[in-house]
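See below for the structure under consideration.
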Amino acid sequence: MSERRRLPLEGLTVVAVEQAVAAPLATRHLADLGARVIKVERPGRGDFARDYDTTVLGQSSHFVWLNRSKESIALDLKSEDGLRTFERLLARADVLVQNLAPGALDRMGLTAAALRERFPRLVAVGISGYGTSGPYRDKKAYDLLVQCEAGVVALTGTPDAPSKTGIPVADIAAGMYAYAGVLAALVERSTTGEGQVVEVSMLDALVEWAGYALYFTGYGGAQPPRSGAHHAAIAPYGPHRAGDGHQVFLGVQNDREWRAFCALVLEEPDLADDPRFATNSDRVAHRDELTAATERAFAGLTADEVVERLERARVANARLRDVAEVLGHPQLAARDRWREVATPAGPVRALRPPTVSDREARMDPVPAVGEHTAQVLAWLDAQDGAG
C-alpha cells in the first residue's frame, strides 16, 4: 500500500469560536484539508446549532454537516480562567476564525490592534452579519434576514410570491469567503511572516453573489423579474411539461443551441427565425408564447423521450429530483462521493469535499461538547513547558 500523502494544511492550528453555519463551514473546510481545528464551545450546551433539530440519530443535521474533524474544548470566555486559556490557544494558533457578536472580542481586550501586536503571525478572521462599522453594525443578522437585505428574497420566487432560498446562502457565502480569506492570508504570511485581521460580512458576501442582478437593475432601470424556476434573463430556460405530465428542465444559452433545439428537439427548424424568438431578448419578451410552442411539441412525448432528444441535440437538461433522490444520485455513487463519519450517536453518511485531488480528505468524527478539553489543555501545558 502506498504511503498516505500529506494534506496541504497539516501542521496548522485553527482556533474557532463559532456558532451556527458561516464560521463552522469555513473551519470544516480547513479541517478537510488537514488543519487541526480546536472548536471553543460554551460549557454545557455548546454551539447552539447542536439544538436546531434531532433528525440525525438524535443530533442536529446542521451540526453534523459542519463539524466533523474538529476538537471541542469547553471554555467560559466570560471567566478569567476561560479567557486566559483562550489567549494561550491564540499564542499557539496559526488562525482564529470567529463569528461572535460585533465588539465581543474588543470587550475581551482582543481588538484588531491588540491581536496584531500580541500575536503577529496570527491570521484572525471575523465573520459578522453587516460588518464592524456602519449603521447596521449591531443589528442581529440571521440568514433569512440578510437574504432580505441583500435583495435575494426579492429576486427569488414567483411574480406573486417572493421567497427565501431553500439553503442558507448568506451563511454559506460568508463561510466560503472566510475560508478563501484564510488561505490567501496564509499564502501572504508564507512570504512576509506576518498575520493579518480579515473581516467578512454576510451582507457583503451575499450582495456579491447577487452581482449580475445589480448590473441588470442599475443599468436596465428595473430588477430582474421573479420567474420561479425559469431564468429571468434567458429563454428557454427552466421547466417544460411533457406529454406524460412530468417536467423536464432545459437551458438554451446561445444561438447555436437555439437552432439545434428547434431543429432536433422541437422538429420545427423554421421556428428559429420566427421574429418573436430570433434573439434571446426576443425569447424572454415572448416567454409565454415560446413555452406554449415548446410544450405543444412535447405533448406527444414522454419526459424520457424529451430528454433523449435534448441529449442528441446537446442541449443542457435535467430531471427535477427531490432531496431523497439526490441521496441516491447515480453520478454521486459512480464518483464514490460518499464516506462514513463517526458521531457521538453513531456513524453517518457524509459527502467528500467537492475539491477533488489525489489526496483523500480528512473526515474524522464529529465531537461531543467539550470532548477534547482535557486533551487540549494537556497539549497547552506541554507546549508551555517546552517553550
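What's the number of the only condition in (1) under 24 Å from ARG36 (Cα atoms); (2) touching a residue at least 24 places away in the same chain (Cβ under 8 Å) that GLY131 fails to meet? The number of the failed condition is (1). Across the stretch 314-343, what is the total count of residues that are among the β-branched types (Val, Ile, Thr) and in a helix (DSSP H, G or I)? Count: 2. The conditions of being farther than 21 Å from ASP143 by Cβ, β-branched (Val, Ile, Thr) and either touching a Gly at 6+ places or on another chain (Cβ under 7 Å) or surrounded by fewer than 18 Cβ atoms within 10 Å (Cβ to Cβ) (or both) are not met by THR165.
When LEU77, LEU7, LEU89 are checked against the criterion of being farther than 22 Å from ARG359 by Cβ and outside any helix (DSSP H, G or I), LEU77 stands alone in meeting it. Can you pull out every residue in the stretch 123-137 that is of a type in the set (Val, Ile, Thr) and either within 17 Å of the chain's Cα centre (by Cα) or not in a loop (DSSP other than H, G, I, E, B) (or both)? VAL123, VAL125, ILE127, listed by residue number. Scan the stretch 142-195 for residues that are within 30 Å of ARG121 (Cα to Cα) and in contact (Cβ under 8 Å) with a residue 24 or more places away in the chain and the total you get is 18. What are the pairs, 6+ residues apart or on separate chains, where a residue within the stretch 263-274 that is touching a residue at least 24 places away in the same chain (Cβ under 8 Å) has its Cβ under 6 Å from a residue that is open to solvent by less than 30 Å² (accessible area, probe 1.4 Å) and part of a helix (DSSP H, G or I)? Cβ pairs passing all conditions: VAL265/LEU310; LEU266/ALA297; GLU268/CYS262.
Looking at VAL356, VAL369, VAL323, just one residue is of a type in the set (Val, Ile, Thr) and touching a strand residue (DSSP E or B) at 6+ places or on another chain (Cβ under 7 Å), and that residue is VAL369.
Of all residues in the stretch 245-255, those being open to solvent by 20 Å² or more (accessible area, probe 1.4 Å) and not in a loop (DSSP other than H, G, I, E, B) number 3. Taking residues in the stretch 87-100 that are touching a residue at least 60 places away in the same chain (Cβ under 8 Å), and partners anywhere that are of a type in the set (D, E, K, R) and part of a helix (DSSP H, G or I), the pairs with Cβ atoms closer than 9 Å and at least 6 places apart or on different chains are ARG88/ASP384; LEU90/ARG118; ARG92/ASP384; ASP94/ARG189. Given the options ARG309, ARG314, ARG283, name the one that is out of contact with any Gly (no Cβ under 9 Å at 6 or more places or on another chain) and at positive phi. The conditions single out ARG314.
Within the stretch 297-324, if we keep just the residues that are without any contact (Cβ under 8 Å) to a residue 12 or more places away in the chain and surrounded by 12 or more Cβ atoms within 10 Å (Cβ to Cβ), the residue that is farthest from ASP270 (Cα to Cα) turns out to be ASP304. Tell me whether the stretch 334-352 contains one or more residues that are hydrophobic (A, V, I, L, M, F, W, C), open to solvent by 70 Å² or more (accessible area, probe 1.4 Å), more than 16 Å from TRP65 (Cα to Cα) and more than 21 Å from the chain's Cα centre (by Cα). Taking every residue of the stretch 334-352 in turn, at least one turns out to be hydrophobic (A, V, I, L, M, F, W, C), open to solvent by 70 Å² or more (accessible area, probe 1.4 Å), more than 16 Å from TRP65 (Cα to Cα) and more than 21 Å from the chain's Cα centre (by Cα). For the stretch 141-154, the set of residues classified as out of contact with any Pro (no Cβ under 6 Å at 6 or more places or on another chain) and either open to solvent by less than 20 Å² (accessible area, probe 1.4 Å) or more than 20 Å from ALA23 (Cβ to Cβ) (or both) consists of VAL146, GLN147, CYS148, ALA150, GLY151, VAL152, listed by residue number. Criterion first (open to solvent by less than 60 Å² (accessible area, probe 1.4 Å), modelled with pLDDT of 95 or more and in a helix (DSSP H, G or I)) does LEU377 satisfy it? Taking the combined requirement at face value, the residue does not satisfy it. All of (1) small (Gly, Ala, Ser); (2) under 21 Å from the mean Cα position of the chain (by Cα); (3) open to solvent by 50 Å² or more (accessible area, probe 1.4 Å) hold for ALA361 with one exception: (3). PRO275 meets all of the listed conditions (1) open to solvent by less than 50 Å² (accessible area, probe 1.4 Å); (2) part of a loop (DSSP other than H, G, I, E, B) but one, namely (1).
Within the stretch 10-53, being open to solvent by 20 Å² or more (accessible area, probe 1.4 Å), assigned to a loop (DSSP other than H, G, I, E, B) and touching a Ser or Thr at 6+ places or on another chain (Cβ under 7 Å) holds for TYR52, ASP53.
Of all the residues in the stretch 180-202, those that are open to solvent by 40 Å² or more (accessible area, probe 1.4 Å) and either under 18 Å from THR132 (Cβ atoms) or out of contact with any Asp or Glu (no Cβ under 9 Å at 6 or more places or on another chain) (or both) number 10. Checked against (1) farther than 30 Å from VAL366 by Cα; (2) open to solvent by less than 70 Å² (accessible area, probe 1.4 Å); (3) touching a residue at least 40 places away in the same chain (Cβ under 8 Å); (4) of a type outside the set (Lys, Arg), TRP258 meets all criteria but (3).
The values are calculated or read from the model by the stated rules, or taken from the named source; none is laboratory data. Computed from a predicted model, the values in this text were never measured in an experiment. As a convention, Cβ positions derive from the backbone with ideal geometry for all residues, glycine included, and neighbour counts pool all protein chains shown. In case anyone asks, the SASA skips ligands and DNA or RNA and just uses the protein heavy atoms, side chains included. Shrake-Rupley method; radii C 1.70, N 1.55, O 1.52, S 1.80 Å.
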